[in-house]
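To start, the structure under review is shown below, and the notes come after it.
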Amino acid sequence: MIYAPSMTETELIEACLQNDRLAQKELYERYNRAMYSSAYRITGDFDLANDVLQEAFVKVFKNLAKFRQESTLGAWIKTIVVRTALSKIKRQKTFDELEERHTAHMIDWGDFLNAEYLEKAIMSLPEGYRAVFLLIEVEGYSHKEVAEMLQISVGTSKSQLFYAKKRLRAMLKEIVGH
């Protein structure tokens, strides 16, 4: 199969599997923005998100033959991106270093709350809380889907979401109290 711009997802996958470079470029172009956004939300770092994106797409192309089409290609790629981002964070810093980073970046909210401050509050959450919160509350995944994506139990997903919301509420309460 030779690449054509109007290919279906299945045709695009087949062309990529046949090492059609134009098809591979098209697959990357279709998904890179959304996947970069997810990588950035999890890592909180532009450069690290770029590294995650690159590493994740290498994994996508290496493992594309294993894609069973039980979900959409985008959902499968997002799972790879999320796992790569979490792995990269863990390799870069220990949990204690992450806690120090989050504590050091506590936000001076001033007299108002806007999207930028809310984003900073979310980014100040510990890695696990942040990943679960973003996947469920922002991306719209279910606890079951998040559990599979992150290789955790549904109970852990629910617990991490609970504690993420609790921390965010406490931060917002501090703002209102000022």
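Readers should treat all values here as calculations from the given coordinates under stated rules, not as data from a laboratory. Quantities reported herein were computed from a predicted structural model and do not represent experimental measurements. Every residue, glycine as well, gets a Cβ built from its backbone with ideal geometry; the counts of neighbours run over all protein chains shown.
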Placing each pseudo-label 7 Å from Cα in the direction of the beta carbon, ARG169 and SER71 end up separated by a distance in nanometres of 2.9
Long-range alpha-carbon pairs in the stretch 115-156, meaning those over 16 Å apart, account in percent for 34
